[in-house]
Amino acid sequence: MSPPDVRFAVRLTPRAAADRVDGVVNGVLRARVGAPAVEGAANNALIRLIADELGVSRRDVRIVAGASSRQKLLVVDGGDPDAIVARWPGLNI
């Protein structure tokens, strides 16, 4: 049996000075990417950022809701919920 998927909300700010995770506010991860919100560029940058932060493959991170809004629901396939919450304390999973 494979590990369960880990789901969490992300509030994304495109066109930022740098790609980074700002932390958790009210259980939602705050992230910024330099890419504009045009033709999925910001979404791709977010997937790359989260995959790099968690040390997982980019194909294991997907946006399952909110692709065209700032508020997104991400899924990390086979992610370790304890490790993710340890990395970002206060995150609602």
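The values are calculated or read from the model by the stated rules, or taken from the named source; none is laboratory data. If you're wondering where the values come from, they're calculated on a predicted model, not measured in any experiment. Please note: Cβ atoms are built from the backbone with ideal geometry, for glycine as well, and neighbour counts cover all protein chains shown.
Out of (1) surrounded by 19 or more Cβ atoms within 10 Å (Cβ to Cβ); (2) at pLDDT below 95, the odd one out for VAL10 is which?
Against the list (1) surrounded by 19 or more Cβ atoms within 10 Å (Cβ to Cβ); (2) at pLDDT below 95, VAL10 comes up short only on (2).
Filter region 73-93 down to the residues that are buried (at least 16 other Cβ atoms within 10 Å of the Cβ) and free of Cβ contacts under 8 Å to residues at least 12 places away in the same chain and list them by number.
VAL85
When the residues of region 25-51 are narrowed to those that are on the phi < 0 side of the Ramachandran plot and modelled with pLDDT under 95, which ends up surrounded by the most Cβ atoms within 10 Å (Cβ to Cβ)?
ALA37
Being of a type in the set (D, E, K, R), exposed (fewer than 15 other Cβ atoms within 10 Å of the Cβ) and in contact with a strand residue (DSSP E or B) (Cβ under 8 Å, 6 or more places away or on another chain): is that true of ASP22 here?
It is true that ASP22 is of a type in the set (D, E, K, R), exposed (fewer than 15 other Cβ atoms within 10 Å of the Cβ) and in contact with a strand residue (DSSP E or B) (Cβ under 8 Å, 6 or more places away or on another chain).
Those residues that are within 18 Å of GLY90 (Cα to Cα), touching a residue at least 60 places away in the same chain (Cβ under 8 Å) and part of a loop (DSSP other than H, G, I, E, B), I need them from region 1-58; list them, please.
Residues of region 1-58 within 18 Å of GLY90 (Cα to Cα): 6-12, 20-31, 50, 53-54.
This time we only want the ones that are touching a residue at least 60 places away in the same chain (Cβ under 8 Å), so: 6-12, 21, 23-24, 27-29.
Within region 1-58, GLY27 is the sole residue that qualifies.
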